1. Got a number for residues in region 175-193 being surrounded by fewer than 19 Cβ atoms within 10 Å (Cβ to Cβ) and within 22 Å of the chain's Cα centre (by Cα)?
2. Quickly run through region 120-147 and pick out the residues that are under 30 Å from PHE75 (Cβ atoms) and free of Cβ contacts under 8 Å to residues at least 24 places away in the same chain.
3. Looking at (1) outside the structural domain of ARG202 (by TED's automatic domain parsing); (2) surrounded by 19 or more Cβ atoms within 10 Å (Cβ to Cβ); (3) without any contact (Cβ under 8 Å) to a residue 60 or more places away in the chain, can you tell me which one ARG102 breaks?
4. Of all residues being touching a Gly at 6+ places or on another chain (Cβ under 9 Å) and outside any helix (DSSP H, G or I) in region 19-36, which is farthest from LEU150 (Cα to Cα)? Just the residue, please.
5. Restricting to region 205-221, what's the tally of residues that are surrounded by 15 or more Cβ atoms within 10 Å (Cβ to Cβ) and at pLDDT 90 or above?
6. Does GLU162 satisfy the criteria of being in the same structural domain as LEU150 (by TED's automatic domain parsing) and within 18 Å of GLN144 (Cβ to Cβ)?
7. Can you name the residue in region 97-130 that is assigned to a loop (DSSP other than H, G, I, E, B) and not basic (Lys, Arg) and is also nearest to the chain's Cα centre (by Cα) among such residues?
8. Tally up the residues in region 16-31 that are crowded, with 18+ Cβ neighbours inside 10 Å and polar (S, T, N, Q), please.
Amino acid sequence: MNRTDRLYALVEELRAGAPGSRTARELAGRFEVSTRTVERDILALQEAGVPIHGAAGRRGGYSIDPGRTLPPVNFTPSEALAVAIALADGTGPFAAAGRMARNKVLAAMSGSDLEATRVMGERVRRYARPDTVEPPVVPLGVQQAISDNLVVRINYSDRHGEVSTRSVEPVGVLSLDQDWYLVGWCRLRDDARTFRLDRIKRAELTDETAPVRDPDRFLEFMPWLVERPSPLH
C-alpha cells in the first residue's frame, strides 16, 4: 500500500472506531508498517487539517471527529448492512480495500440511518463452529501488486509444504470454490503459474511495472473451469 492510500485508509480506520480510539501499535499492525511510520502519517494528516486527536497514557491513542470529515451518502440501512455483511469476512485478494469500503459506507451515513443500520445489525448473528479454521490474511503486498500491476516477490508454500521465493508478474486473480488464486508469470519457472493466496507466506512489493500479458492465455491450461458472472454485473 502506497503512502497516499495508507493516509486515506488511516482516516477511514479511525472513523470506523469513533468515538473510540486506536493506538499506534494497533494501526501499525493493521497496515503492516512500523509505529514510527504511523506517527509520521498521523502528524501529516493533522497538519493537513484532518481532525485527529491524540491522547497519551495506557488507554490513549488516536481518535477522529467523524462528523467533520465526510458528507452523508444515500445508502438505506438495509443496503449498508448488506455491504457490511458482504465485506465482513475480509477474505480474497481485495480484503484490505473491502475493509476500507465498509468503513466508508458506515461512516458516511447520517446519524439516524446509521443507528437504524446498527439496530438491524443486532438481528443478524454470525457464528462459527469451534473447529472452523480462520481464513489467512492476504499480505498487503499481494493486494497492492494486483491493483497496481507491480512485480511482487513472494515466499510460496506448495502443496507439499516446500517454500520457495518467486518473483511474479501479476496478470489477474481467479476464485475456485472457496479459494482465491493469483494468476501470473513466474520468473523462477519462466512460465504461467497460479498461486493460492492462502499459501503465500510473505510478499514484498517492488516498484517494477509488470509487462502487459493476455489473461486468457493463462487460463488455457484449466479448460474445465466454468466462468461465473462478474461481481459488477
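1. The total comes to 5.
2. If the condition is that a residue be under 30 Å from PHE75 (Cβ atoms) and free of Cβ contacts under 8 Å to residues at least 24 places away in the same chain, then GLU122, ARG123, ARG125, TYR127, ALA128, GLU134 are the ones that fit.
3. (3)
4. By that ranking, first place goes to GLY20.
5. Qualifying residue count for the region: 2.
6. Values: in the same structural domain as LEU150 (by TED's automatic domain parsing): yes; within 18 Å of GLN144 (Cβ to Cβ): no.
The answer is no for GLU162.
7. That would be ALA108.
8. 1
The values are calculated or read from the model by the stated rules, or taken from the named source; none is laboratory data. These figures come from a predicted structure and were not determined experimentally. Ideal geometry is used to build each Cβ from the backbone, glycine not excepted, and the neighbour counts take in all protein chains shown.
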